[in-house]
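The values are calculated or read from the model by the stated rules, or taken from the named source; none is laboratory data. Remember, predicted model here, so these are calculated numbers, not experimental data. Quick reminder, even Gly has a Cβ in these numbers, built from the backbone with ideal geometry, and neighbours come from all protein chains shown. Just the protein is used for accessible areas: all its heavy atoms, side chains included, with ligands, DNA and RNA removed. Shrake-Rupley method; radii C 1.70, N 1.55, O 1.52, S 1.80 Å.
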Amino acid sequence: MSPDTLHTEMPLTANSPFELRTHLGDAVPETDARAAVASGDLGFIHSFTTGSAVDGPGVRVVVWTAGCMWRCAYCHNPDTWTMRNGMPVTIGRATEELSKYRHGLKVMKGGLTLSGGEPLMQHRFAVKLLQAARDMGIHTAIETNGYYGSRLSDAELGDIDLVLLGLKTWGDARHKALTGMEYGPTLDFARRLAALGRPVWVRFVLVPGLTDDPGDISHIASFAAGLGNVERVDVLPFHQMGRYKWERLGLDYGLAGTQPPSADATEHVCQVFRDAGLTAY
Ligand code: SF4
């Protein structure tokens with residue numbers, strides 16, 4: 001049976017990434033899954049969503065990949081942590097789906113954003129899909145935590161129009177507590193993108209009581225400003241839209257009582273980035 005016929009009841013497109021999707025790739029044998037990830041001929045995808053105005057310039061198609069090795073305390077999409085939760089989709093089918101939107105994306109000055117999960121968990125598939133988008137003349141962006149940035153060659157990075165890089169907090173101990181992983185590889189990737197002159201938008205999620213330490217934010221701002229290739233910073237207010245996923249997946253969610261930041265608090269953080277010389281929204 002072809003992987004693309006395994007889940008015909010589940011549409012590839014979703015209304016939003018907040019749709020809970022699990023176990024869609026379970027039927028793919030382990031050896032096939034490993035070979036697919038190595039070749040990039042098959043990807044495990046949570047969904048396609050259309051019409052996003054917040055994941056890069058213009059109006060965009062976002063492909064949400066499954067698989068992430070981080071465990072951010074505020075993650076909105078913990079169903080994307082496990083690659084096998086994603087739908088197995090051949091690169092051909094993913095390209096065909098994307099091609100449906102090619103003209104609209106150009107009219108709306110948008111493009112394709114590959115997000116997740118962590119798209120570089122399936123870096124060969126990511127490279128192939130981004131290349132297919134470029135071949136169609138579609139602007140390409142990837143949203144990543146940067147941890148596996150070293151999996152991409154300089155030439156492959158040169159083919160990505162924009163990197164949306166998540167900077168979560170500052171300092172290794174705090175970063176490990178927040179994400180479960182060390183900070184160094186993300187900073188190394190940020191510096192490498194700067195050395196290559198590749199455009200970056202920094203994404204920072206503001207979570208009251210968790211990522212709102214003024215000293216940490218100042219450090220992130222001065223680091224980002226010093227890179228020289230950061231075109232803008234998106235300060236993203238924490239919200240609770242992913243809470244039900246944690247509950248449905250039986251995960252221990254530590255932020256059930258955390259409120260979104262106020263508009264004033266979010267604006268204040270934007271101002272810290274602006275004071276460092278960056279454009280922030
Ligand atoms: S890096 Fe993104 S997908 Fe992975 S745990 Fe953190 S917020 Fe979730």
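Straight-line cross-link partners of LYS245 among the lysines, defined as a Cα under 27 Å from its Cα and at least 8 positions apart when in the same chain: LYS168, LYS176. In this simple spin-label approximation, PHE18 and VAL54 carry label points 7 Å from Cα along the Cα→Cβ vector, and these lie 0.9 nm apart. In a GNM of the chain with a 10 Å cut-off on Cα contacts, which of THR31, THR186, THR258 has the highest mean-square fluctuation? In this elastic network of the chain, the residue with the biggest mean-square fluctuation among THR31, THR186, THR258 is THR31.
Please check the chain for the longest run free of trypsin sites (Lys or Arg not before Pro) that are loop-located per DSSP (anything but H, G, I, E, B) and have at most 16 other Cβ atoms within 10 Å. It works out to 110-281. Result for the chain in a Gaussian network model with C-alpha springs under 10 Å: among VAL235, VAL200, VAL107, the largest mean-square fluctuation is at VAL107. Here each label is just a point 7 Å from Cα along the line to Cβ, and for ALA263 and ALA173 those points are 3.8 nm apart. Structural descriptor for the chain: relative contact order 16 percent, calculated from alpha carbon pairs under 8 angstrom and at least 6 residues apart. The phi-based Karplus calculation (6.51 cos²θ - 1.76 cosθ + 1.60; θ = phi - 60°) puts the 3J(HN,Hα) values of region 72-80 at 4, 4, 9, 3, 8, 9, x, 5, 8 Hz, whole numbers, x for Gly and Pro. Report the paramagnetic label zone for HIS103: residues of region 125-141 whose backbone N is under 17 Å from a point 7 Å from Cα along the Cα-to-Cβ axis. Zone members listed by number: 136-138.
Since only GLY67, HIS175, LEU152 are under comparison, the one whose Cα sits farthest along the positive direction of the charge dipole of the chain, derived from C-beta charges on Lys, Arg, Asp and Glu, is LEU152. With R₀ fixed at 45 Å, the C-beta to C-beta distance from ASP188 to ASP32 puts the FRET efficiency at about 0.85. Roughly how far apart, in whole Å, are the Cα centres of region 189-256 and region 111-135? Spelled out, the Cα-based centre of one part sits 20 Å from the other.
Taking GLU19, GLU118, GLU267, GLU156 and ordering them by how much accessible surface each has at a 1.4 Å probe, largest first, produces GLU267, GLU19, GLU156, GLU118. Think of it as helices only: each DSSP H run of n ≥ 4 in the chain is worth -39500 (n - 2.57), and spread over all residues that comes to -10000 deg cm²/dmol at 222 nm.
When all protein chains stay in place and ligands, DNA and RNA are ignored, the 1.4 Å accessible-area order of ILE91, ILE220, largest first, is ILE91, ILE220.
A simple charge model with +1 on the Cβ of Lys and Arg, -1 on the Cβ of Asp and Glu and nothing else charged puts the dipole of the chain at about 320 debye relative to its Cα centre.
The gain in end-to-end length when the HIS219 to TYR281 segment is fully stretched comes to 20.5 nm, 0.36 nm per residue minus the alpha carbon separation. Result for the chain in a Gaussian network model with C-alpha springs under 10 Å: among MET69, MET136, MET83, the largest mean-square fluctuation is at MET136.
3J(HN,Hα) along region 211-223: 10, 9, 5, x, x, 4, 5, 4, 5, 4, 5, 6, 4 Hz, from the Karplus curve 6.51 cos²θ - 1.76 cosθ + 1.60 with θ = phi - 60°, whole Hz, x for Gly and Pro.
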